[in-house]
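J.: Pasting a structure here, questions to come.
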Amino acid sequence: MKKSSMEATAFRTPLSGISLNKEAESYLKEIIQNLPQDLSPDRPGYYSHETKDLLLKDASERLALYLRGCPEPINFEDLRSGWNAVIVDYHRQNNWNYPTQPQKPEKKITQDQKIFKELFSYVWMMMRSLILLKTVVYYYGMHTATDPGTYHTVMLYGALLLLLANMVHFIWKKSRNSSADKN
């Protein structure tokens with residue numbers, strides 16, 4: 001599940017018992033898209049992932065509390081004025097005193113992203129060795145076969161040495177990563 005869809009679900013949960021008309025539903029999607037800008041800190045720093053989750057829940061609950069006083073189904077104007085009241089209160093009340101941290105929090109990556117990141121290095125290694133280095137080896141190999149001069153022979157052995165060094169470096173790097181993961 002994407003991060004934005006998880007945020008949307010978390011934001012919509014307190015609003016689930018409130019019926020919205022079509023325009024209000026469309027505006028709610030726009031609100032969810034703009035949450036990072038609307039609920040950004042006024043002071044220097046960044047919110048941690050946990051603080052962001054609490055802030056989303058708090059903002060959603062405040063909006064739901066405001067909307068419960070409006071006649072249902074909620075229309076666009078009621079939702080807009082409710083969200084404006086929540087945002088104004090957020091900024092006037094010093095970001096509801098949510099703490100910030102000086103450094104940006106690390107991105108949360110999903111298991112699929114971790115797998116892709118791990119596999120990409122293998123695919124990149126394969127592409128380098130298959131396309132780039134093999135082409136150079138074949139080129140100089142053909143020239144060495146037709147004209148066994150010193151230049152072509154040295155270039156052929158240099159390409160083979162580069163191919164071997166590339167493979168050894170890749171294996172060494174991957175073995176160090178796997179031993180570091182075990183510790």
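J.: Using the basic label-point model (7 angstrom from Cα toward the beta carbon), what is the Y139 to R68 distance in nanometres?
T.: In this crude spin-label approximation the distance works out to 7.3 nm.
J.: Given contacts defined as C-alpha pairs under 8 Å and at least six residues apart, what's the relative contact order of the chain, whole-number percent?
T.: Relative contact order, the chain: 22 percent.
J.: Now a separate question. What is the local net charge at A159, summed over the other residues whose Cβ is closer than 15 Å to its Cβ (Lys, Arg +1; Asp, Glu -1)?
T.: Working: positive: R128, K134; negative: none.
Combined, the nearby Lys, Arg, Asp and Glu give +2.
J.: Determine the gain in length on full extension of the stretch E25-K173; use 0.36 nm per residue of separation and subtract their C-alpha separation, reporting nm with one decimal. Walk me through the intermediate numbers first.
T.: Numbers: separation 148, 0.36 × 148 = 53.28 nm, distance 5.11 nm.
Separation in residues times 0.36 nm, less the Cα-Cα distance, equals 48.2 nm.
J.: What distance in nm separates the simple spin-label points at R43 and Q93, each placed 7 Å from Cα in the Cβ direction?
T.: Reported label-point gap for R43 and Q93 is 1.7 nm.
J.: At 222 nm, what value in deg cm²/dmol follows for the chain if DSSP H runs of at least 4 each add -39500 (n - 2.57) and the sum is divided by all its residues, to the nearest 500? Walk me through the numbers before you get to the answer.
T.: Details: 8 runs with 125 residues, N = 183.
Calculated from helices alone, the mean residue ellipticity at 222 nm is -22500 deg cm²/dmol.
J.: Let me ask something else about it. Report the Cα centroid-to-centroid distance between the range 27-73 and the range 101-149 in angstrom, as an integer.
T.: Their Cα centres are 43 Å away from one another.
J.: Something else about it: Spin-label point model (7 Å from Cα, Cβ direction): what's the L130 to S81 distance in nm?
T.: 6.4 nm
J.: Taking 0.36 nm per residue of sequence separation and subtracting the Cα-Cα distance, how much length would be gained by fully extending the chain between Y151 and L119, in nm to one decimal? Don't skip to the answer; put the middle values down first.
T.: Working: separation 32, 0.36 × 32 = 11.52 nm, distance 3.76 nm.
In short, 7.8 nm is gained.
J.: Calculated from the structure, mean projected area of the Cα convex hull in nm² equals which of [x] 12.7; [y] 15.0; [z] 17.3?
T.: The listed entry that was calculated here is [z].
J.: Using a 10 Å cut-off on Cβ atoms, rank the peptides 96-104, 22-30, 136-144, 59-67 from the highest mean neighbour count down. Display every interim value, and only then the final one.
T.: On the way: 96-104: 10.9, 22-30: 14.6, 136-144: 16.1, 59-67: 18.7.
The peptides rank, most packed first, as 59-67, 136-144, 22-30, 96-104.
J.: Here is a further query. Using alpha-carbon pairs under 8 Å, 6+ residues apart, how would you state the relative contact order of the range 111-182 in percent? Mind showing how you got there, number by number?
T.: Values: 21 pairs, mean separation 19.2, N = 72.
It rounds to 27 percent for the range 111-182.
J.: Listing M155, M127 from the residue with the fewest other Cβ atoms within 10 Å to the one with the most, what is the order? Write down the numbers at each step before the final one.
T.: Details: M155 17, M127 10.
Arranged by neighbour count, lowest to highest, M155, M127 become M127, M155.
J.: Right, next: Within the set K29/K174; K107/K134; K57/K104, which residue pairs have Cα atoms separated by over 32 Å?
T.: Beyond 32 Å: K29/K174; K107/K134.
J.: By per-residue mean of other Cβ atoms within 10 Å, what is the highest-first order of 10-17, 51-58, 160-167, 117-124?
T.: Numbers: 10-17: 14.8, 51-58: 16.4, 160-167: 13.2, 117-124: 10.8.
The densest-packed peptide leads the list: 51-58, 10-17, 160-167, 117-124.
Readers should treat all values here as calculations from the given coordinates under stated rules, not as data from a laboratory. Remember, predicted model here, so these are calculated numbers, not experimental data. Every residue, glycine among them, receives a Cβ derived from its backbone with ideal geometry; neighbour counts consider all protein chains shown.
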